[in-house]
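Asks: Can you keep this structure in mind? I'll have questions shortly.
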Number of protein chains: 2
Amino acid sequence: LVALVGERFGLDGAGRQPPPVTALELPRPRLEPPAALAPIAASDPWTRAAHAYGKAYRDVVRALAGRIDHPPDVVVTPRSEAEVRDVLDWCAAAGAAVIPYGGGSSVVGGVEPDVGEAYRGAVTLDLGALDRVVEVDEVSLAARIEAGALGPALESQLRARGLTLRHFPQSFECSTIGGWVATRAGGHFATGPTHIDDLVEALRVVTPAGTVQTRRLPASGAGPSPDRLFLGSEGVLGVITEVWVRVRRRPVWRGGGAATFPTFAAGAAAVRALAQSGLQPANCRLVDPLEAAINGAGDGSAAVLLVGFESADAPVDAAVARAGELVQDLGGTIDRAAWAQQAAVARGGRGEKAAQDSGPAGSAPGTAAAGRAPVRGAPEAGGAPSDAAGAWRRSFLRAPYVRDALVRYGVLCETFETAVTWDRFDALHDAVTAAVREALGATGSGAGFVTCRTTHAYPDGVAPYFTVIAPARRGAEVEQWDEVKAAAATAVLAAGGTITHHHAVGRDHRRWYDQQRPELFAGALRAAKVVLDPQGICNPGVLIDPGG
Amino acid sequence: LVALVGERFGLDGAGRQPPPVTALELPRPRLEPPAALAPIAASDPWTRAAHAYGKAYRDVVRALAGRIDHPPDVVVTPRSEAEVRDVLDWCAAAGAAVIPYGGGSSVVGGVEPDVGEAYRGAVTLDLGALDRVVEVDEVSLAARIEAGALGPALESQLRARGLTLRHFPQSFECSTIGGWVATRAGGHFATGPTHIDDLVEALRVVTPAGTVQTRRLPASGAGPSPDRLFLGSEGVLGVITEVWVRVRRRPVWRGGGAATFPTFAAGAAAVRALAQSGLQPANCRLVDPLEAAINGAGDGSAAVLLVGFESADAPVDAAVARAGELVQDLGGTIDRAAWAQQAAVARGGRGEKAAQDSGPAGSAPGTAAAGRAPVRGAPEAGGAPSDAAGAWRRSFLRAPYVRDALVRYGVLCETFETAVTWDRFDALHDAVTAAVREALGATGSGAGFVTCRTTHAYPDGVAPYFTVIAPARRGAEVEQWDEVKAAAATAVLAAGGTITHHHAVGRDHRRWYDQQRPELFAGALRAAKVVLDPQGICNPGVLIDPGG
């Protein structure tokens, strides 16, 4: 891919390496933790640099250049909720901003300690030591999990009970459940309960004003939902320390397949039909012709639709067959034999079979695969090389790593996403694509291109996900991307989209979020923040301005 | 039923009639609307009395006794959003409390103008004149509906487009979409998107501080959801004037049936299995033996489970068959022939057939019916007399009317509900039932009884719905019920339930809601209220204390 893109963009072959930590020139830490917190605090350059950025393109290029704009002064890693409280108390007393940090996978500046001049320093509160599945309720199918548990860690603890949270964002390997809740993450389910919001049963949040524990309930009509205030709060209201989530039995029945459509718009009509059918496919992703060619799911002549069903309870034949009819009714071409094929694992072998199905590699994108691939083999072995779904699955998993590699070779490579109602989707797609192309041209990267896939589908709309690949403007990578991003974000809002479907607001999306949310709601949120975080120390700059 | 209950309770046969309006002694109105609002304002006794209460037992017995505790001083019925603003402006200037009023079906004191002494009067803002389906987006399957539209009115407007909101609370005939949103109403779907929350795409709210319009989006991760702040806000943050909701095509495929279980707990295990299966039945309601006997769904020897599936897209045979297996695996007895029978309406006839299926009478509880009953005949004709599902359906629809009739004969008849995780369900059921029985005994109504059904089922829990029927303590009906209710609510909270799954908080649930919600969340909500309703005029006494 590097060779292919390099040739198109006329790049030389020299990939950059990040500088050694010893070469970084970090400002002296402005804060010193109290003795009681010393055992969990670090101010060494490596730790500070490692917590300075998320995983956006603008983060990667800055890190590659040895440029650390806003390192935290201190990184603390509490081992208990009591220590979280101690850290907040210290920060409040010291006039320091505190940035909750899960896996550090923010692509919107959510963890960058760019807190302005009003603070005596910035403390990054890394929740990584709070990573246990504390309790499992096998009757209600729910689990209490500490906020700092990374995806693989929590899944491996649940797997021992035959259960799974089955929430697989693309960042799964390096993001935490607390981060998912704080940012309203989207999982791999293309329809149905895709947002973590729907999986949250109760929350525990340590705020500077005290601790909030919501009641474990399957549903409630008692006033506005307390959980929903914290879902998407991105650290500005306090630190989420524990989450009760709904888990499920591991799927043992699967089926689905791939279809091609002459155009992206034709494929989108099929996605809409599937989303409005009530069939609730676990996977339903449409990839445009160019993106399909890049990731190997197609040859570039057609848009590719991946559809998959799964169940822990019963065969999915009927749904698979009906989906195949719908897809063909709307002009899709399928391999009927492959589509009809069903991964029918014997129900008796549920426990044993399920254990093979480990995490997103095998199971999440695996729901896209036709036939028996995902349950038969190891993740990487699933699907033949020519299999569109298999190719897409491998691409999905590798994309973030490929991105980092491309960036080293001077390629601008970034993604953004939105959601929009169906009536506006085609127009949004065209307007955003045109805006990005124009912006690339204006930044001297007219050879670049933009592709689109849909990641999540709802009865009333869809979440398109755009990828931009272009020759980087060396030495001005951040400025170049900021220009392209501004054009894209402005087009997204003008076309009726949201500034983010599942990447969060952070610091980078503020300009557009401020236009999107009702002003009076922002006022209500600020007022709530004053109650929970009276000194405004929690993640300033993100989402709202404290006390503003 | 009156004769049956009357004999058991030793009641005489004389049913009370409500007094004529002329016999009511209402205090003089304390407010006079400005001339500009005079055309939409009324202060006559009938209008004031008709807006003084909701539909709780304690409301009905007071009205029957000619006792109107807190009539509004003025009732205004705005014909436009501009007039809603004018009313709020007037109330703010006059120091009057304003109570948003939809269908007046609150059973928790949500519309009773019991606002305390801090106001110069109380104005009830009746949204009944704002009752149009303003816009339908047939591509996205969404509709913009004015808040005051009653269930039947909005369904009849949607039906003309072959669409339905399919949200059928038991109050459907006399509740509004604005009220559903304000109270987080629960519809008839027993699993899946039962709460109106999941059907809301965007909201428009007129607050004393200005108007809030959220963006139409299928989903978003941009900060905490603005919609969710207003969902369940019960009028304390302003007046909901319009709602964009997700609608759907009318179902044409149905199937299901009834099963019996030796005990309620055994039936509950089957409800749990169905809720955790992923099958998402549209109906899945378990009725205990005594309640089944009362409403004719059974003979009192067994608990009765009603299961139904529906689809606008495809036959539901596979789901019906699998549900039948699950039910039998867990000890349920079904009539296999009836269960397997499928209401397979030809897909070609969708539009015409759907038109016959009108509202909750035919369609909502109708999903419970075995075989072809719900799509074949008129609502009342559906199902043979011996058909458990048909009997239950008729009972469901008539229950509120039957309740009113019973009350006239001196019968205490009231319901309450909660939701709880599965691990705590059996214990909650037993504790609450025992608490109610003990309280009835203590109030001299030991002959009374309490029954239970489940109305909504989730993978992680269930919503049980209790009915209390007992001889009323004549002349002290309100006090008696308040004692029983206090015992029940205290037991519900102690057992891990919520004070309400879909009846809202209002004024009557405040004591327990205040224990349930995290104190810091209440503080955040109060702070939000100060921003949106700076003078605290909106529905004081409900949910939170203004400025408290």
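The values are calculated or read from the model by the stated rules, or taken from the named source; none is laboratory data. Here the structure is a predicted model, which means the values were calculated and not measured. Cβ placement follows ideal geometry from the backbone for every residue including glycine, while neighbour counts extend to all protein chains displayed. Surface accessibility is based on the protein's heavy atoms, side chains included, excluding ligands, DNA and RNA. Shrake-Rupley method; radii C 1.70, N 1.55, O 1.52, S 1.80 Å.
Asks: Test A:GLY223 against the stated conditions and say whether it is on the phi > 0 side of the Ramachandran plot, in a loop (DSSP other than H, G, I, E, B) and at pLDDT below 95.
Replies: no
Asks: Just to be sure, is B:ILE177 buried (at least 24 other Cβ atoms within 10 Å of the Cβ), within 30 Å of A:LEU279 (Cβ to Cβ) and among the β-branched types (Val, Ile, Thr)?
Replies: So B:ILE177 passes the test.
Asks: Find all pairs meeting these conditions: Cβ atoms under 6 angstrom apart; at least six residues apart or on different chains; first residue within segment A:296-313 and part of a loop (DSSP other than H, G, I, E, B); second residue of a type in the set (D, E, K, R).
Replies: If the second residue must be of a type in the set (D, E, K, R), the pairs left are A:ALA312/A:ARG249.
Asks: Another one. Could you check segment B:387-417 and list, in sequence order, the residues that are away from chain A (no Cβ under 14 Å), modelled with pLDDT of 80 or more and open to solvent by less than 20 Å² (accessible area, probe 1.4 Å)?
Replies: Answer for segment B:387-417, where residues must be away from chain A (no Cβ under 14 Å), modelled with pLDDT of 80 or more and open to solvent by less than 20 Å² (accessible area, probe 1.4 Å): B:LEU406, B:VAL407, B:GLY410, B:VAL411, B:LEU412, B:CYS413, B:GLU414.
Asks: Does A:SER105 satisfy the condition of being hydroxyl-bearing (Ser, Thr, Tyr), open to solvent by less than 20 Å² (accessible area, probe 1.4 Å), assigned to a loop (DSSP other than H, G, I, E, B) and in contact with a helix residue (DSSP H, G or I) (Cβ under 7 Å, 6 or more places away or on another chain)?
Replies: Considered against the rule, which asks whether it is hydroxyl-bearing (Ser, Thr, Tyr), open to solvent by less than 20 Å² (accessible area, probe 1.4 Å), assigned to a loop (DSSP other than H, G, I, E, B) and in contact with a helix residue (DSSP H, G or I) (Cβ under 7 Å, 6 or more places away or on another chain), A:SER105 comes out as no.
Asks: Can you find even one residue in segment B:471-485 that is part of a strand (DSSP E or B) and under 26 Å from B:CYS413 (Cβ atoms)?
Replies: Within segment B:471-485, one or more residues are part of a strand (DSSP E or B) and under 26 Å from B:CYS413 (Cβ atoms).
Asks: I'd like the residue in segment A:451-466 that is open to solvent by 10 Å² or more (accessible area, probe 1.4 Å) and away from every other protein chain (no Cβ under 11 Å) and, out of all such residues, is farthest from the chain's Cα centre (by Cα).
Replies: Looking at the filtered set, the residue picked out is A:ARG453.
Asks: Then there's this: For segment A:418-450, which positions are within 11 Å of another protein chain (Cβ to nearest Cβ) and surrounded by fewer than 21 Cβ atoms within 10 Å (Cβ to Cβ)?
Replies: Listed by number, the residues that qualify are A:ASP423, A:ARG424, A:ASP426.
Asks: Since B:ALA182 meets every condition but one in (1) under 20 Å from B:SER140 (Cα atoms); (2) of a type in the set (A, V, I, L, M, F, W, C); (3) touching a residue at least 60 places away in the same chain (Cβ under 8 Å), which condition does it not meet?
Replies: Going through the list (1) under 20 Å from B:SER140 (Cα atoms); (2) of a type in the set (A, V, I, L, M, F, W, C); (3) touching a residue at least 60 places away in the same chain (Cβ under 8 Å), B:ALA182 breaks only (1).
The rows are residues; the columns are (1) within 21 Å of A:ARG473 (Cβ to Cβ); (2) open to solvent by less than 30 Å² (accessible area, probe 1.4 Å); (3) touching a residue at least 40 places away in the same chain (Cβ under 8 Å).
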site	(1), (2), (3)
A:GLY10	yes, no, yes
A:PRO27	no, no, yes
A:LEU37	no, yes, yes
A:HIS70	no, no, yes
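Asks: Let me ask something else about it. Do we find that B:THR183 is facing chain A (nearest Cβ under 9 Å), crowded, with 23+ Cβ neighbours inside 10 Å and of a type in the set (Ser, Thr, Tyr) in this structure?
Replies: yes
Asks: Suppose the filter is open to solvent by 10 Å² or more (accessible area, probe 1.4 Å), part of a loop (DSSP other than H, G, I, E, B) and farther than 29 Å from A:ARG403 by Cα; does A:ALA118 pass it?
Replies: Answer is yes for this residue.
Asks: Quick one: which residue in A:GLY255, A:GLY232 is at the interface with chain B (Cβ under 9 Å from one of its Cβ atoms) and open to solvent by less than 10 Å² (accessible area, probe 1.4 Å)?
Replies: A:GLY232
Asks: Going by what's in this entry, would A:PRO281 be described as out of contact with any Pro (no Cβ under 7 Å at 6 or more places or on another chain), within 30 Å of B:VAL420 (Cα to Cα) and more than 12 Å from chain B (Cβ to nearest Cβ)?
Replies: yes
Asks: Residue under question is B:GLY238, and the condition is that it be open to solvent by less than 10 Å² (accessible area, probe 1.4 Å), facing chain A (nearest Cβ under 7 Å), more than 20 Å from A:THR191 (Cα to Cα) and in contact (Cβ under 8 Å) with a residue 24 or more places away in the chain; does it hold?
Replies: For B:GLY238, the condition - open to solvent by less than 10 Å² (accessible area, probe 1.4 Å), facing chain A (nearest Cβ under 7 Å), more than 20 Å from A:THR191 (Cα to Cα) and in contact (Cβ under 8 Å) with a residue 24 or more places away in the chain - is not met.
Asks: What residue, of A:PRO224, A:PRO218, is under 28 Å from A:ALA522 (Cβ atoms), open to solvent by less than 20 Å² (accessible area, probe 1.4 Å) and within 8 Å of chain B (Cβ to nearest Cβ)?
Replies: A:PRO224
Asks: Look through segment B:511-534, keep the residues that are of a type in the set (Lys, Arg) and open to solvent by 40 Å² or more (accessible area, probe 1.4 Å), and return whichever of them is nearest to the other protein chains (Cβ to nearest Cβ).
Replies: Step by step, filter segment B:511-534, then rank; the result is B:ARG526.
Asks: It is to be established whether one or more residues within segment B:293-306 are within 14 Å of another protein chain (Cβ to nearest Cβ), open to solvent by 10 Å² or more (accessible area, probe 1.4 Å) and among the acidic types (Asp, Glu).
Replies: So far as segment B:293-306 goes, no, none of its residues is within 14 Å of another protein chain (Cβ to nearest Cβ), open to solvent by 10 Å² or more (accessible area, probe 1.4 Å) and among the acidic types (Asp, Glu).
Asks: I need the full set of residues from segment B:260-283 which are in contact with a Ser or Thr (Cβ under 6 Å, 6 or more places away or on another chain) and assigned to a strand (DSSP E or B), in order please.
Replies: B:THR260, B:ASN283
Asks: I would also like to ask the following. Are any residues in segment A:536-548 buried (at least 19 other Cβ atoms within 10 Å of the Cβ) and either part of a loop (DSSP other than H, G, I, E, B) or modelled with pLDDT under 95 (or both), and if so, which ones?
Replies: A:GLY536, A:ILE537, A:ASN539, A:PRO540, A:GLY541, A:VAL542, A:LEU543, A:ILE544, A:PRO546
Asks: Can you find a residue in segment A:31-44 that is in a loop (DSSP other than H, G, I, E, B), aliphatic (A, V, I, L, M) and either under 16 Å from A:GLY102 (Cα atoms) or in contact with a Phe, Trp or Tyr (Cβ under 8 Å, 6 or more places away or on another chain) (or both)?
Replies: No, segment A:31-44 contains no residue that is in a loop (DSSP other than H, G, I, E, B), aliphatic (A, V, I, L, M) and either under 16 Å from A:GLY102 (Cα atoms) or in contact with a Phe, Trp or Tyr (Cβ under 8 Å, 6 or more places away or on another chain) (or both).
Asks: Anything in segment A:450-470 that is under 23 Å from A:LEU412 (Cα atoms) and among the hydroxyl-bearing types (Ser, Thr, Tyr)? List them, or say none.
Replies: Across segment A:450-470, the qualifying residues are A:THR451, A:THR454, A:THR455, A:TYR465, A:THR467.
Asks: For A:ALA190, only one of the following conditions fails: (1) part of a loop (DSSP other than H, G, I, E, B); (2) at the interface with chain B (Cβ under 9 Å from one of its Cβ atoms); (3) open to solvent by less than 10 Å² (accessible area, probe 1.4 Å). What is its number?
Replies: (2) is the only condition that A:ALA190 fails.
Asks: Any idea which of (1) under 25 Å from B:GLU234 (Cβ atoms); (2) part of a loop (DSSP other than H, G, I, E, B) is the one B:ARG526 doesn't satisfy?
Replies: (2)
Asks: Considering only residues that are part of a loop (DSSP other than H, G, I, E, B) and among the hydrophobic types (A, V, I, L, M, F, W, C), look in segment A:12-25 and name the one that is most open to solvent (accessible area, probe 1.4 Å).
Replies: Among them, the one singled out is A:ALA14.
Asks: Do the conditions hold for B:ASP508, that is, is it buried (at least 20 other Cβ atoms within 10 Å of the Cβ), part of a loop (DSSP other than H, G, I, E, B) and not aromatic (Phe, Trp, Tyr)?
Replies: yes
Asks: hydroxyl-bearing (Ser, Thr, Tyr), modelled with pLDDT under 75 and in a loop (DSSP other than H, G, I, E, B) - does that describe any residue in segment A:363-386?
Replies: Yes, some residue in segment A:363-386 is hydroxyl-bearing (Ser, Thr, Tyr), modelled with pLDDT under 75 and in a loop (DSSP other than H, G, I, E, B).
Asks: Follow-up. Of everything in segment A:480-496 that's over 23 Å from A:HIS70 (Cα atoms) and in contact with a Lys or Arg (Cβ under 8 Å, 6 or more places away or on another chain), which residue is nearest to the other protein chains (Cβ to nearest Cβ)?
Replies: Ranking the qualifying residues of segment A:480-496, first place goes to A:GLY496.
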